[in-house]
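Below is one structure, written out as structure tokens, with a few remarks after it.
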Amino acid sequence: MDDKSSDEASTEYNLIINILKILSAIFLCLMMCVTFSDVIGRYFFNSPISGATEIISFLLGLTIFSAFPLVTRDRGHITVSLFERFFQNRIRYMQRLFVLLVSIIIVIFVAWLMFDQALTMLADGTLTEYLDLPEAPIVFIFGGLSGVAAIIFISIIWQYISLGGDPDEENVR
């Protein structure tokens, strides 16, 4: 029974990851299409897309925040390993754990800021300048995707602690 629930959780996790991959690709493609169409319309037909800058801004944010959990899952964030070679065994483990814990705090803080900003925008009825679209729903999505990244970070930290380090750390040395 335990293996079955573990398989179901793994299937749900993979489904979420695949959905995020598809969303990231769609948002990036839409951003590219709107930019291309706006440039063609502006320079060849003297008729740019109305509100293209706002649309591209939203699509850029959606692309970044939908890819954020994916980068977190792959631990693909930018790191500097300047002093990495000086840390061995237990000190390296503690240093990496410290970095993971600081990172999760920052990600949770970003998610909280996004939700706080979205609630403020919702209360104020903030609209975009040109298209008069409400901004709060998009910022709620940003906060939700940051929350997904935080959950993934928690699972990474849990795995790191339970395995006593990175699974492929032996190959790095």
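Please treat every number below as a calculation from the coordinates, not as lab data. The structure presented is a predicted model; accordingly, all values stated were derived computationally and were not measured. Quick reminder, even Gly has a Cβ in these numbers, built from the backbone with ideal geometry, and neighbours come from all protein chains shown.
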| Taking 0.36 nm per intervening residue step and subtracting the Cα-Cα distance, what contour gain separates I154 from L82 on full extension? | 23.4 nm
| Between 0 and 90°, nearest 10: helix 89-124 axis offset from the chain longest Cα axis | 30
| task | Of the listed values (i) 23.1, 86; (ii) 20.6, 65; (iii) 15.5, 44, grab the one calculated as Rg and Dmax of the Cα atoms in Å from the structure here. | result | (ii)
| task | For the chain, give the magnitude of the charge dipole about the Cα centre (Cβ charges: +1 Lys/Arg, -1 Asp/Glu; no others), in debye to the nearest 20. | result | 600
| said: If I model a spin label as a point 7 Å beyond the Cα along the Cα-Cβ vector, how far apart are those points for F109 and C29 in nm? | reply: 3.7
| query | Which of the peptides 54-63, 11-20 is most tightly packed, and how do the rest follow, going by the mean number of other Cβ atoms within 10 Å of each residue? | reply | 54-63, 11-20
